[in-house]
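Encoded as structure tokens, the structure appears first; notes follow it.
The values are calculated or read from the model by the stated rules, or taken from the named source; none is laboratory data. Source: prediction; values computed, not measured. Cβ coordinates were reconstructed from backbone atoms using ideal geometry, including for glycine residues, and neighbour counts include every protein chain displayed.
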Amino acid sequence: MKVNLSEYRIFYVVAQKGNISRAAKELYISQPAVSKSINRLEESLKTKLFHRSSRGVTLTEAGQVLYEHIDTAFESIFAGELKIQRIRDYNIGQLRIGVSATLCKYLLLPYLKKFVNLYPHIKINIVCQSTFQTAKQLEEGKLDVGLIGYTDRLTGFDFRDVKNIEDIFVCQPSYLDHLRLRMEEEITSTAMILENANLMLLDESNITRRYVDHYMEQMGIIKNQILEVSNMELLIEFAKIGLGVACVIKEFVKEELNKGELIELELDERMGERRVGFAFGEKEKQAKAVRLFLDFIEEYNLSEK
């Protein structure tokens, strides 16, 4: 394109004002400069754009076609400028967070509730998926922040701890009674329960499942009857209706344990706590909305201690 964008700007203002003198005042340049710019544009396009008279200028048919296209273009530019101004003035931006459905419900929502109240103009996109999927999208730059269980497979990212969690096995009280009736021998350990029960676990794509599988292998516990579930919310609900023994996060079933809806099976050796927190790239390279969220996390965690 040989035509300078400034010449289109001059053409646009002249067409709006219908007068070269008024356009010159609007553009803070001289009348001769405006006239020369219009002449160059007409020469470049090889067509006449204005009808000139003592009363001013009006668009030719070709000029009207050009004006309509330029009007659309400048409206788009103005809209972009307005968005930038709003980002600067009102902290508008985009924040992309990856998180599992369970961690979203029990850990992320309290953060989001207060953060949205502070920064209502920031656009937040929540992607519910497994830790491994979140880690992959963080590495690909498709997410800004991930709320995940700690994994050493995620390299090159900072990790800010939020909470330690513990995996436990739970079931409905009556389920154990039914299991004892079905078994021909006396139950003498939790390992026997797990090997004979309908064992409900997250599917193998989940980091929690891999952690539990490793534990059971170390303890020599054989998994005979397995029901795989896509998320922990379903595990908890299935356990509450007596479908079997579920491996869940203790912190997320405190209410059910306190009410007696579920009971915790005593393990010979507890699985131990795991770290959950926010993973993110170098803070200095993050967009403003992401930096605001990370600063908020730090302040929120300090206030909760």
Completion exercise
Reported set for region 13-34 where residues are under 49 Å from the mean Cα position of the chain (by Cα) and part of a helix (DSSP H, G or I) is 13, 14, 15, 16, 17, 23, 24, 25, 26, 27
Exercise for the section: Just give me the residues in region 169-200 being surrounded by 20 or more Cβ atoms within 10 Å (Cβ to Cβ) and touching a helix residue (DSSP H, G or I) at 6+ places or on another chain (Cβ under 7 Å), in sequence order. Expected result: 169, 170, 171, 172, 193, 197, 200
Handout entry: Neighbours by Cβ (under 9 Å, 6+ apart or cross-chain): first from region 192-212, over 13 Å from residue 229 (Cβ atoms); second part of a helix (DSSP H, G or I) and modelled with pLDDT of 90 or more
Key = 194/216; 197/175
Exercise for the section: Report whether or not residue 271 is in a loop (DSSP other than H, G, I, E, B), surrounded by 19 or more Cβ atoms within 10 Å (Cβ to Cβ) and in contact with a strand residue (DSSP E or B) (Cβ under 9 Å, 6 or more places away or on another chain). Expected result: yes
Practice task
Name every residue in region 239-258 that is touching a Phe, Trp or Tyr at 6+ places or on another chain (Cβ under 7 Å), closer than 17 Å to residue 273 by Cα and part of a strand (DSSP E or B), in order of residue number.
Solution key: 247
Problem - Filter result (polar (S, T, N, Q) and more than 28 Å from residue 133 (Cα to Cα)) within region 225-258 - result: 258
Completion exercise
In region 79-128, anything modelled with pLDDT under 80 and either surrounded by fewer than 18 Cβ atoms within 10 Å (Cβ to Cβ) or closer than 13 Å to residue 293 by Cβ (or both) is listed as 82, 83, 84, 85, 86, 87, 88, 89, 90, 91, 93
Problem - Members of region 201-225 found to be surrounded by 14 or more Cβ atoms within 10 Å (Cβ to Cβ) and of a type outside the set (D, E, K, R), listed by number - result: 201, 202, 205, 206, 207, 208, 211, 212, 215, 216, 219, 221
Handout entry: Output for region 35-62, where each listed residue is in contact with a Phe, Trp or Tyr (Cβ under 6 Å, 6 or more places away or on another chain) and not in a strand (DSSP E or B)
Key = 41
Fill in the blank from the handout: Going through (1) assigned to a strand (DSSP E or B); (2) surrounded by 15 or more Cβ atoms within 10 Å (Cβ to Cβ); (3) out of contact with any Asp or Glu (no Cβ under 6 Å at 6 or more places or on another chain) one by one, residue 165 fails only at (3)
